Amino acid sequence: MSAIILDGKLIAAEIQNEIAEEVAEFIQNDGAAPCLAAVLVGENPASEVYVRNKQRACGRVGIESQLHRLADDASLDDLLTLIGKLNRDNNVHGILVQLPLPRGIEEKRILDAVHPLKDVDCFHPENVGLMVQGRARYLPCTPHGVQQILHRSGITVAGRRVVIVGRSDIVGKPMANLLLQRDGATGPDGVNATVTVCHSRTADLPSVTRQADILIVAIGRAKFITAEMVKPGAAVIDVGMNRDADGLCGDVDFASVREVAGCLTPVPRGVGPLTVAMLLRNTLAAAMAQLP
Ligand code: NAP
């Protein structure tokens, strides 16, 4: 058996077209375009690429974008001052602080300083709390992107066993929370899963991953999940983005897992484009939430 490959780029393009129409309508009714301000500290080449991709995507759907650069040696205070300025700027609706920040700057201090209404990454504790309680203001971009891939590929989540490998605050934990809800952005069939979350201390990981109808992997280990760890016919979503000798690759060993899985996201052209699309969706929602 060879898995159906789920084309994230295609799904993201479909969503971006929908967002472009909604942005045009918003501008027609309310005058100003939504605006996303990106904050980039230092010169991390991967971060440069991510921010450029996000800005290009903004341009494609009619969202304005700004780029605020700080040097590698910027202090916590420099960064807090910039965030404060963007929080007070009525022309800025969403603030994106590109991670990782240089060593020595505590990320939580910075992310907590972003105004909750402008927190389009859904990292602020207020927004995380609302999401966990099932009354989300914004949905976390990567987990929501995964949900959209499943939904738009016709994969039912409700009642199925989902195993998530990785428990980060950015992917694993919010992913588990979203799929546990009773209802959500993709309707009750897109949530209501029976969720298991694994991490580096999980005992006998393969025996757990093999139980998954839907396996979602976000650990940052190149090609870690192999065919023996996957239940035949499972849907496998690879969130990982790593570089190895062959170039960009996911956390899933694509070559072996595609022979076992029912469907599988590739890297690149998998989850990454959806993360960007969901950021655009949140920026539009933020502009709506901040209408005077
Ligand atoms: P992270 O903060 O480093 O967290 C990694 C998680 O994986 C931790 O919970 C860790 O467990 C777990 N883990 C590590 N090694 C493991 C192992 N051998 N067995 C089981 N669990 C293990 O990473 P992240 O921010 O979630 O990112 C994960 C990957 O997704 C990275 O490759 C990142 O680049 C990618 N990513 C992609 C997108 C996208 O848009 N496609 C977005 C975000 C992240 P412990 O908690 O026990 O340490």
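Key figures
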item	result
Square roots of 5 times each gyration tensor eigenvalue, C-alpha, region 14-61, largest first, Å	26, 13, 5
For the chain, accessible area per residue (1.4 Å probe, heavy atoms of protein chains only), Å²	46
Antiparallel bridge percentage (DSSP; both residues within the chain; nearest 5)	10
Order by protection proxy (mean Cβ within 10 Å, highest first), peptides 9-20, 94-105	94-105, 9-20
Carbon plus sulfur fraction of accessible area for region 141-273, probe 1.4 Å, in percent	50
Region 29-146: proportion of alpha-carbon pairs further apart than 21 angstrom, %	39
Of 54/85; 173/223; 85/173; 54/173; 108/223, pairs whose Cα-Cα distance is over 28 Å	85/173; 108/223
Residues with amide H under 5 Å from that of residue 67, placed H, sequence gap 5 or more	38
Gap separating the Cα centres of region 1-25 and region 122-167, nearest whole Å	17
For region 31-115, size of Cβ-based charge dipole, Lys and Arg +1, Asp and Glu -1, in debye	360
Heavy atoms of residue 63 accessible to a 1.4 Å probe, total area in Å² rounded to 10	10
Intensity falloff of the chain expressed as log10 I(q)/I(0), Debye formula with alpha-carbon point scatterers, at q = 0.09, 0.14 Å⁻¹	-0.43, -1.04
Antiparallel DSSP beta bridges within region 141-273, as percent of all bridges there, nearest 5	15
For region 199-282, alpha-carbon Rg and Dmax in angstrom	12.9, 39
Gaussian network model of the chain, springs between alpha carbon atoms under 10 Å - residue of 135, 201, 160 with greatest fluctuation	201
Most mobile listed residue (123, 254, 224) in the chain, GNM with C-alpha springs under 10 Å	224
Which of 37, 133, 287, positive extreme of dipole for the chain (C-beta unit charges)	133
Portion, in percent, of the accessible area of region 31-115 that falls on carbon or sulfur, probe 1.4 Å	47
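The values are calculated or read from the model by the stated rules, or taken from the named source; none is laboratory data. Everything numeric in this text was worked out from a predicted model, so none of it was measured. FYI the Cβ positions are ideal-geometry reconstructions off the backbone, even for glycines, and counts take in every protein chain you see. For the accessible areas, the whole protein counts, side chains as well, though only heavy atoms, and no ligand, DNA or RNA atoms are used. Shrake-Rupley method; radii C 1.70, N 1.55, O 1.52, S 1.80 Å.
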